[in-house]
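Here the structure comes first, spelled out in structure tokens, and everything after it is commentary.
The values are calculated or read from the model by the stated rules, or taken from the named source; none is laboratory data. Bear in mind the structure is a predicted one, so any value in this text is a computation, not a measurement. Cβ atoms come from the backbone with ideal geometry, glycine included; neighbour counts cover every protein chain shown.
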Amino acid sequence: MPESYPREHIEDLVDDNLEWNQLHDMMSDFKDADRFQQVRDVLQERVDWDDPIIIPYADHLYVVAKPDGRWVIKCDCGHEFCEHDENWKMDALINVRDSEEAYLEIYPEDMHPHPDYMELREFFCPGCNTLLEVTNVMPGYPLIHEFEPDIETFYSEWIEEPIPTPETESA
Amino acid sequence: MASSEDDPTTQHDAQILSIDAGGTMTDTFLMDSNGEFTVGKAKTTPDDESRGFIKSSQDALEDWDLSVEEGFPDLVSTVYSGTAMLNRLVERESEVDVGILITGGMEDTLRMGRGRQSYTGYSYSDRLHVNTHKHPEPLIPRNRIRGVRERIDVKGNTLVPLYEDDVREGVNDLLDQGVDHIVVMFLHSYKNGEHEHRTAEIAREIIDERGAETSVMLSSEYYPTLKESERLNTVTAEAFAAEPSRDQLSNIQEAVDEQGGTVGVRVMASHGGTIDINANELARTLISGPIGGMIGANYFGQKLDYNNLVCTDIGGTSFDMGIIIDNDWQIDYSPEMARLLLSLPMVNMESVGAGTGSYVRVNPTFDKIELGPESAGDQVGVSAVETDVETVTVTDCHVAMGWINPENFLGGDMPIDREVAEQEIKEQIADPLDMGVYEAAQGVIDILESKLRNDLEAVVTGEGYAPSNFKCLSYGGGGPVHTAGYTKDLGFDEVLIPEWAAGFSAFGCGAADYEYRYDQTTSIDIDPDLSMEEAAATAGEALTEVWTNLEQKVENEFENSNIGRDEIDFQYNILGQYQGQLNSIDIESPVGRVDSPEKLEQLLDTFEEGYRRQYSEEARSPELGHTITQASVRGVRDVVKPEIPTEELQGPEPPADAYKETREAYWDGEWLDTEIYDLHALQPGNELSGPAVLEGAATTYALPPDCETRLDEHRVHHLTTTE
């Protein structure tokens, strides 16, 4: 087990360019000690803004530290959704497929759920229109707040590092 | 190289040659008519395996001052096993292109595989975690698989006739793609092969018309067994992996002929016998596990009158266990190879990824010692200074504890540095855990041996057996150093260690019967309300017919090698169950025909007896009637087998020249003066008590302080604990 993988290997991991056996080895082995920081560095380098990434939140989304001390959820296009402990889906553009017609745009005939039982909700970024998430739920089901990370505990007890701030990152 | 004795002046006639061509090295085991043996090694030559084979044989023969030309004419038995076939499967790469015709709608059978295939062959933790599961790459790409409309049901009735135009179109398309073999697999063809046979006729016509050299292989001819996924995998493996090896095997035979040999080369097959290189079904020589040891153990048991054995084999990478009851092994009908489930009969063994070369590491999350699953294999460990192993292994721990003599590893062929072992154990294991070096090394051995003990107990008691009814046989190069540890307190009747433990698997290959075996899925019901006469006239006739057909196939295979029917011993087996059950039990039939009431009754009585033994008297339910789910025929022909040595018993005191020295070794937290003996210089009848270490050419037998050993007249050690 390497204590730390080379930078290129982590970039391939982020880009999903690893062969299955490489990926399998990584999963089966003890975890490399600096995986989180390395992945965070790769992601940080790829975005066009300077707010330090605190954690990757979901595909295309991050929790970042703002100069005024707030932690917000931000898309890689730069659009900022909300505070890190709020539900970003409330601020997303939502397309709801709840009719036969809307389902048939993307499903073959007879291969989709019945619109009375299930609707498809597609969440888009208002900044870049990227499809960020899809949920398939009963009509009327609330927008669930799925993930509220405990950032302080993660940094203090899991990786034992200080939480990035705009000052530490630019230094 | 290692050999059974050191006096080169003795005349030897090389009788039995068994060769194991591995990925890197080709090992040879040579035995003479007195049961004395020698071992040779050479690099494997993948382009033409016969060169490596000759070199390795030469290396072995040199120990007896013989050249290949002098040695080969005396050979009476030659058994070859190679990994080339298995490698094609593992690498998913073959010299040939294969196309498939399959029942329309089932074209994705290979791609979908079985759920189990997404994790078979993985380590325990990778099997548990879903994120490490992944379906293996199919052997054949989707564009070489064509559907044919047809359907036969589970009873063999035609539901949809064969659409012959689909066959023509599919064959032409596959030929356009230049395939070398066309595999045909239709649903339930094991029950009714008509559609497959008609398909073969049409395909061969087209192949002839087009002047192609493509061959056609039918699943109903090769592996007529239930479960289409396994059946397709197996016939495909036959075409993809086994057929290309025919040339290699012919080269080996030619090499033998050229050197004046007159013996036919045979290949080890998964069912536990050897078959001719011209056999129709070659895929069954794909062997992934070390079944040679099981065959050797069974032969050993038959010769020395041990009926029930638990076989344990420790090598560099794995611990393999198997059970022999009443001098027969159990068969696994759906073994896994290269992450594919196949429909082949294979000698059943359980394997766990722990061996003498297993890596030892400290899990940084939990601060505890973990073993494997990866290993240094034949690279031994960090103390083997000529290798580039960086992680401590189990063997390194034994070296540090003084159990293994650094000067004598593999007879001194592998230089070992004890200081390196101690230093690395300190840095990698002891310091992070705040322990002493020897304490840590002892901890590693304890963890390994308790793991092996648990696995072994699970294999025996998990099957419902009591260890006290078994003798535990220990072999493999790494076996005897651990035997006392992993058999401790399990309550085996006896623990046996043959002196030739390191060469036991190769010995087993030499001891394998010349045997063909054919199996066929059946669904023959014997209803409870029938009289024995009625049952014999219906079910009895049906089973007899299946057996007769299988017998014919066995006969045909032997005929390929010019062996007549009168030289073959037939044995008849069934898988049977009470009607409505899910699992069948394996029964060796006392009769080869059941078309009369008396004979059928004998078979049913044998089934009842087998059921009683496996489950209990109370579990028997003959009132439900019986179903025969599979019929098998084994045909065996006598071959020359290795002799088990028999020597005159001497006194309990070992001869003076067997004693080598006294050195300190670490046993259970203490450094004790330990007597070191030459394993091969001990005499039958000698008794030793621990702590002692018996050093052989390729193995080390460790005798802890509370143990005793006695060497019997067959050069087999009997290990006991003193209480």
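A compact table of results
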{"quantity": "Residues (among the aromatic types (F, W, Y) and over 19 Å from B:L101 (Cα atoms)) located in segment B:123-172", "calculated": "B:Y124"}
{"quantity": "Qualifying positions in segment B:390-411 - over 24 Å from B:G696 (Cα atoms) and modelled with pLDDT under 90", "calculated": "B:E390"}
{"quantity": "Hits in segment B:633-652 - residues which are at pLDDT 85 or above, in contact with a strand residue (DSSP E or B) (Cβ under 8 Å, 6 or more places away or on another chain) and over 30 Å from B:T548 (Cα atoms)", "calculated": "B:P652"}
{"quantity": "Selection count where residues are assigned to a strand (DSSP E or B) and either without any contact (Cβ under 8 Å) to a residue 24 or more places away in the chain or out of contact with any helix residue (DSSP H, G or I) (no Cβ under 9 Å at 6 or more places or on another chain) (or both), scope segment B:556-571", "calculated": "2"}
{"quantity": "Subset of segment A:3-33 (residues that are among the aromatic types (F, W, Y) and facing another protein chain (nearest Cβ under 10 Å))", "calculated": "A:W20, A:F30"}
{"quantity": "Test: residue in segment B:238-260 that is over 30 Å from B:S77 (Cα atoms) and buried (at least 24 other Cβ atoms within 10 Å of the Cβ)", "calculated": "no"}
{"quantity": "Matching entry among B:F72, B:F29 (being at pLDDT below 85, crowded, with 24+ Cβ neighbours inside 10 Å, among the hydrophobic types (A, V, I, L, M, F, W, C) and closer than 20 Å to B:V640 by Cβ)", "calculated": "B:F29"}
{"quantity": "Residue in segment B:360-374 that is more than 14 Å from every other protein chain (Cβ to nearest Cβ) and touching a residue at least 12 places away in the same chain (Cβ under 8 Å) present", "calculated": "no"}
{"quantity": "Test: B:L600 is more than 30 Å from B:L304 (Cα to Cα), out of contact with any helix residue (DSSP H, G or I) (no Cβ under 6 Å at 6 or more places or on another chain) and among the hydrophobic types (A, V, I, L, M, F, W, C)", "calculated": "no"}
{"quantity": "Flag if B:G357 is more than 14 Å from chain A (Cβ to nearest Cβ), modelled with pLDDT under 90 and within 22 Å of the chain's Cα centre (by Cα)", "calculated": "yes"}
{"quantity": "Extreme residue, surrounded by the fewest Cβ atoms within 10 Å (Cβ to Cβ), among residues of segment B:604-627 that are touching a residue at least 60 places away in the same chain (Cβ under 8 Å) and among the aliphatic types (A, V, I, L, M)", "calculated": "B:L624"}
{"quantity": "So A:E105, is it surrounded by fewer than 14 Cβ atoms within 10 Å (Cβ to Cβ) and under 30 Å from A:G69 (Cβ atoms)", "calculated": "no"}
{"quantity": "Tally of residues being modelled with pLDDT under 95, exposed (fewer than 11 other Cβ atoms within 10 Å of the Cβ) and of a type outside the set (A, V, I, L, M, F, W, C) across segment A:153-171", "calculated": "5"}
{"quantity": "Residue satisfying condition, being touching an Asp or Glu at 6+ places or on another chain (Cβ under 8 Å), among the small types (G, A, S) and surrounded by fewer than 18 Cβ atoms within 10 Å (Cβ to Cβ), within set B:S468, B:S450", "calculated": "B:S468"}
{"quantity": "Single condition B:A384 does not satisfy, out of (1) more than 14 Å from chain A (Cβ to nearest Cβ); (2) at pLDDT 90 or above", "calculated": "(2)"}
{"quantity": "Test: residue in segment B:153-169 that is touching a helix residue (DSSP H, G or I) at 6+ places or on another chain (Cβ under 6 Å) and of a type in the set (S, T, N, Q)", "calculated": "no"}
{"quantity": "Residue match in segment A:34-44 (condition: in a loop (DSSP other than H, G, I, E, B), within 14 Å of chain B (Cβ to nearest Cβ) and within 27 Å of B:V362 (Cα to Cα))", "calculated": "yes"}
{"quantity": "Qualifying positions in segment A:119-146 - of a type in the set (A, V, I, L, M, F, W, C), loosely packed, with under 12 Cβ neighbours inside 10 Å and assigned to a loop (DSSP other than H, G, I, E, B)", "calculated": "A:M138, A:I144"}
{"quantity": "Of the criteria (1) touching a residue at least 40 places away in the same chain (Cβ under 8 Å); (2) surrounded by fewer than 19 Cβ atoms within 10 Å (Cβ to Cβ); (3) of a type in the set (S, T, N, Q); (4) within 30 Å of B:N327 (Cβ to Cβ), which one B:Q630 fails", "calculated": "(2)"}
{"quantity": "Set B:E533, B:E551: member being acidic (D, E) and under 16 Å from B:Y572 (Cβ atoms)", "calculated": "B:E551"}
{"quantity": "Long-range neighbours under 8 Å by Cβ, at least six apart or interchain, first residue over 14 Å from A:D41 (Cα atoms) within segment A:5-19, second hydrophobic (A, V, I, L, M, F, W, C) and buried (at least 17 other Cβ atoms within 10 Å of the Cβ)", "calculated": "A:L18/A:M26"}
{"quantity": "Long-range neighbours under 8 Å by Cβ, at least six apart or interchain, first residue in the same structural domain as B:Y615 (by TED's automatic domain parsing) and farther than 14 Å from B:V546 by Cα within segment B:572-591, second assigned to a loop (DSSP other than H, G, I, E, B) and not small (G, A, S)", "calculated": "B:Q577/B:N583; B:Q579/B:D527; B:Q579/B:P528; B:D586/B:Q330"}
{"quantity": "Which listed residue, of B:V79, B:V68, B:V96, is within 23 Å of the chain's Cα centre (by Cα) and either away from every other protein chain (no Cβ under 14 Å) or closer than 30 Å to B:I644 by Cα (or both)", "calculated": "B:V79"}
{"quantity": "Single condition B:R111 does not satisfy, out of (1) surrounded by 18 or more Cβ atoms within 10 Å (Cβ to Cβ); (2) closer than 28 Å to A:W20 by Cβ; (3) in contact (Cβ under 8 Å) with a residue 24 or more places away in the chain", "calculated": "(1)"}
{"quantity": "Residue in segment B:627-635 that is assigned by TED's automatic domain parsing to the domain that holds B:T544 and more than 34 Å from the chain's Cα centre (by Cα) present", "calculated": "no"}
{"quantity": "Residues of segment B:412-431 classified as farther than 16 Å from B:V389 by Cα and at pLDDT below 90, total", "calculated": "2"}
